[in-house]
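Engineer: One structure, pasted below without further comment.
The values are calculated or read from the model by the stated rules, or taken from the named source; none is laboratory data. Owing to the predicted nature of the structure, the values given are computational and were not obtained by experimental measurement. So basically every Cβ, Gly included, is an ideal-geometry build from the backbone, and we count neighbours across all protein chains shown. Heavy atoms of the whole protein, side chains included, go into the accessibility calculation; ligands, DNA and RNA do not. Shrake-Rupley method; radii C 1.70, N 1.55, O 1.52, S 1.80 Å.
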Amino acid sequence: MNNSSTNCNGSILQQAGAAVDCHVHVFDSSRDVASPRFPHPEEPASVAQLELVGTSCNIQRYVLTQPSFLGFDNSHLLKELALRPQNLRGVVWLDADTDPAALPGLAASGVAGLRFPMFYSREMPDWDAYADLVSAAASCGIHVELGLHGSELIKALHFVLKRSAKVVLAHLGMFDSEAGPESDPSFGALLDAAATRQVWVKLSAPYRTTALHAARACECLISTLGPERLVWGSDWPHIGAPLDRRAAYAETMHWLHRCVPEADLRRKILETSPATLYHFALPAGAE
């Protein structure tokens, strides 16, 4: 990505208060953790820091996504949700032993999704152990975000859809970053599952693959899922990527404008679609 601009210029500013950044992480410094897990950064990432870069693009709503290195300790995320209930939502990672009866309370606190960030995990979840939790999530309007690849993603996708829960995939559908979307069977399975109208994808982290693969994935997703089941995320603060936190934020928005030049489609992706998925108040004039 081109990181030459640190701010959103006037041509890409969004309507204040309506656009949502659907994939960000906040956390304390690894220096403050007794036994930090990889890849916990030393530099902290706070909501205040996030707002400094987000407001330059008129973003005022955010979805806090539990970092994989914090495991099942969602306390920092939940604390932030309690401070800003109107403008923040959360996606948490729960242990399979979590009582399904806890989910209505989590939903009331602003939790909109359960996350399975398995990219750095050595073991896949025991999906049968999560059956009751996923069914309870569906009944509470909480979706399931799958951070898996390949055959494991296909297996999990079918598991969640069978239990009537909405599925969300980050980072353009989690396709193989080297092979590209059209050479990855899991991306094909994702497109096939679009017919259920229960699958959503985040247009996030295009820098984790080539520009060509990212643009092609975006094109396929718009054509198959439609803008009403796509959302945008900055992936701030870009953990593991050699990017400047401030400059890269604006560039992720510039990337969206290049891939989705039609203003009406972008408005659905940035405003209407995330309001529906994450239970924000709909923007004025939205259908």
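Engineer: So what is log10(I(q)/I(0)) for the chain at q = 0.07, 0.17 1/Å, when the Debye sum runs over its Cα atoms only?
Structural biologist: -0.22, -1.60
Engineer: Can you figure out the FRET efficiency of residue 51 with residue 215, using R₀ = 30 Å and their beta-carbon distance, to the nearest 0.05?
Structural biologist: After rounding to 0.05, the efficiency reads 0.55.
Engineer: Along the Cα→Cβ direction, 7 angstrom out, place labels at residue 126 and residue 246. What is the inter-label distance in nm?
Structural biologist: Each label point lies 7 Å from its Cα, and together they span 4.9 nm.
Engineer: Find how much the distance from residue 149 to residue 43 grows on full extension, using 0.36 nm per residue of separation minus their present alpha carbon separation; answer in nm with one decimal.
Structural biologist: On the way: separation 106, 0.36 × 106 = 38.16 nm, distance 2.84 nm.
Residue separation times 0.36 nm, minus the Cα-Cα distance, leaves 35.3 nm.
Engineer: Within the chain, which cysteines find no other Cys whose Cβ is under 4.7 angstrom from their own?
Structural biologist: 22, 140, 220, each lacking another Cys Cβ under 4.7 Å.
Engineer: Further question: Determine how large the accessible area of residue 207 is when every protein chain is in place; take a 1.4 Å probe and give Å² rounded to the nearest 10.
Structural biologist: 40 Å²
Engineer: Give me the extension gain from residue 95 to residue 79: residue separation times 0.36 nm, minus the current Cα-Cα distance, reported in nm with one decimal.
Structural biologist: Gain on stretching residue 95 to residue 79: 3.9 nm.
Engineer: With every protein chain left in place and a probe of 1.4 Å, what is the accessible surface of residue 228, to the nearest 10 Å²?
Structural biologist: So the heavy atoms of residue 228 present about 80 Å² to solvent.
Engineer: Of all alpha-carbon pairs in the stretch 41-95, indicate the percentage at a distance above 15 angstrom.
Structural biologist: The answer is 50 percent, as a whole percent.
Engineer: Oh, and also: Percent of alpha carbon pairs in the stretch 129-287 separated by more than 24 Å?
Structural biologist: In whole percent, the long-distance tail amounts to 33.
Engineer: Still on this structure, I have one more. What percent does the relative contact order of the chain come to when contacts are Cα pairs within less than 8 Å and at least six residues apart?
Structural biologist: Relative contact order comes out at 21 percent.
Engineer: Here is a further query. Which one of 217, 148, 35 is farthest out on the positive end of the charge dipole of the chain, using unit charges on Cβ (Lys, Arg +1; Asp, Glu -1) and the Cα centre as origin?
Structural biologist: Checked the options; the winner is 217.
Engineer: Please tell me the relative contact order of the stretch 85-220 in percent, rounded to the nearest whole number, where contacts are Cα pairs under 8 Å and at least six residues apart.
Structural biologist: Value for the stretch 85-220: 20 percent.
Engineer: Let me ask another. Longest segment of the chain with no trypsin sites (Lys or Arg not before Pro) in a DSSP loop having at most 15 other Cβ atoms within 10 Å?
Structural biologist: The reported range is 198-287.
Engineer: Here's another thing I want to ask about it. With all protein chains present and a 1.4 Å probe, how do 94, 103, 83 order by accessible area, largest first?
Structural biologist: The residues order as 83, 94, 103, largest area first.
Engineer: Can you pull the one-decimal nm distance between simple spin-label points at residue 197 and residue 119, each 7 Å off the Cα toward Cβ?
Structural biologist: My value for the distance between the label points is 3.2 nm.
Engineer: Using the heavy atoms of the protein chains and a 1.4 angstrom probe, tell me the accessible area per residue for the chain in square angstrom.
Structural biologist: Working: 12230 Å² over 287 residues.
Dividing the accessible area of the chain by its residue count gives 43 Å².
Engineer: While we're looking at this one, here's another question. Could you work out what % of the accessible surface of the chain is carbon and sulfur, using a 1.4 angstrom probe and leaving DNA, RNA and ligands out of the count?
Structural biologist: 51 percent
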